[in-house]
1. Within the chain, what whole-number % of the accessible surface is contributed by carbon and sulfur, with the 1.4 Å probe and all protein chains included in the calculation?
2. Which length gain, in nm to one decimal place, applies between A90 and S419 when the Cα-Cα distance is subtracted from 0.36 nm times their residue separation?
3. When the Karplus curve 6.51 cos²θ - 1.76 cosθ + 1.60 is applied with θ = phi - 60°, which whole-Hz ³J(HN,Hα) does each residue of segment 97-111 get, with x for Gly and Pro?
4. Please list the three semi-axes, largest first and in whole Å, of the ellipsoid equivalent to the chain, using sqrt of 5 times the eigenvalues of its alpha carbon gyration tensor.
5. List, in order, the whole-Hz ³J(HN,Hα) value for each residue of segment 115-130 obtained from phi through the Karplus relation with A = 6.51, B = -1.76, C = 1.60 and θ = phi - 60°; use x for Gly and Pro.
6. Quick check: net charge around A214, other residues with Cβ under 15 Å of its Cβ, Lys/Arg +1 and Asp/Glu -1?
7. Checking the table K118/K318; K13/K318; K192/K266; K240/K266 against a 31 Å threshold on Cα-Cα, which pairs fail?
8. What list of ³J(HN,Hα) values in whole Hz, one per residue of segment 20-25 in order, does the Karplus curve 6.51 cos²θ - 1.76 cosθ + 1.60 (θ = phi - 60°) give from phi, with Gly and Pro shown as x?
Amino acid sequence: MNDMTSSKKLTWKQYLVVASLLFGLFFGAGNLIFPLHLGQLAGAHWGVAAVGFLITGVLLPLLSVLAVSVTRAEGVYDIGKPLGTGFAIAFMVLIHATIGPFFGTPRTATVSFSVGIKPFLPQSWDSWSLLVFSALFFLAAFAFSYHENNILSNVGKVLNPVFLALLFLVFVIAFASPMGDPNTAAVTSAYKSQALTNGFLEGYNTMDALAGLAFGVTVVTAVRGMGQKKAKDVSRVVAKSGVLGVAAIGVIYLLLIVLGAMSLGKFKVSADGGVAFNQIVNYYGGAFGQIVLAFLLTVTCLTTAVGLVAAFAQDFHKHFPKVSYHTWLALSCLASFLAANFGLETIISWSTPMLMFLYPLSMVLILLSVCSPLFKRDSVVYFFVVLFTVVPALGDMVVSFPAVVSQSSFGQTVAMWRSHMPLASMGLSWLVPALVGLAIGLVCHAFRRKNLVSDLELD
């Protein structure tokens, strides 16, 4: 009987398997561009900015997988379920739309194009060449996802390590022959006094905490398949393996941030990290090095895109079964293709407001899920925390939109109201209200527990 309920002791090799799975889940080729750009923006303040970035780009994604483990969730829908099926469906749709066809999936094509194709073409060809490239890119993603085969993922398993090895080579060469001193690099105005919070907010762009909620069940299922029966044992294995996996990601992010700061010795702050990556690789490896890395980057981005469109189609077919998997797949690829043609800079500028809204909600749900055993996953605690978080998060979203929205009369009205919120200037106007909501929720939970105990004693 004990053998049926006890968990097997895992070997270090098995821990490394889970760690590599977590690494593959969170580190996509597109994640290269954000720490690089952060390094350029932060300059000499790169260290403080890196701390903020690592909190949202590394620690929070690990906590998101732990949240899935602790609550025994089967997907992002279950994370929001304590607030009712309506909220859970809405939250799932927003998460999948953001990491999927609206922003995350189109970014896989635009990063590939910006780094792999654009540098070799005349600037006047940008629009139609992106159109052709993105069409071929998402046709390939559709084809590989249609039969749900493992051809491309198997190719990715071979080429992804090669890409990382070449990236490591770039690090070795760059640090052996630095372009400049990162500790004396120019600091942009936004990072002179608020490097920590700006780094924290820049970490939103990785979208990894959202990905952890959506795909963390893959990791948890793998751990259960290794003979871990109890929820606490699954959480322990995820935590231990996660430290290894996210530590590797954290080291890469840190090196990229420093590399970005060093690049200011030769280049100006770029419009986005894709341009910075191009400049750095071309500086050290020339055209040939750029072609090799561009090819590998495109394959890894395509592998990521296949995973994203397939996951989107599977989850939406599960919750909206009247529409077939293949129809959802086609819609996802088509929407991603259309969004990709707005270009990388536009995608980032419009995804930022959505992330300013979704990340606070995701953060409080992740932390509530991880701590849910302490308050028996009482929905009243969830309700007050989310209620007090959602309104200021909407305000952060509105003021983060491009000028067409943020500078409108509506946007300026919201900005005026929001300016009275604590920490609003840091983009964290939701934090204090969320803590107030937590306090109210825990008090209500305590009263409910006390009344329940009293009723049981009377019975």
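The values are calculated or read from the model by the stated rules, or taken from the named source; none is laboratory data. Predicted, not measured: the structure shown is a model, and the values here were computed from it. Methodologically, a virtual Cβ is constructed for each residue, glycine included, from the backbone with ideal geometry; neighbour enumeration extends over all protein chains shown. Ligands, DNA and RNA are excluded from the accessible area calculation, which covers all protein heavy atoms including side chains. Shrake-Rupley method; radii C 1.70, N 1.55, O 1.52, S 1.80 Å.
1. 69
2. Going from the current span to full extension adds 115.6 nm.
3. Each residue of segment 97-111 in turn: 5, 6, 7, x, x, 7, 9, x, 5, x, 5, 4, 6, 5, 5 Hz.
4. 36, 27, 23
5. Those phi angles translate into 8, x, 10, 3, x, 9, 10, x, 4, 5, 8, 3, 5, 6, 5, 5 Hz.
6. My count for the surroundings of A214 gives -2.
7. In this structure, K118/K318; K13/K318; K240/K266 exceed 31 Å between Cα atoms.
8. 5, 5, 5, 4, x, 5
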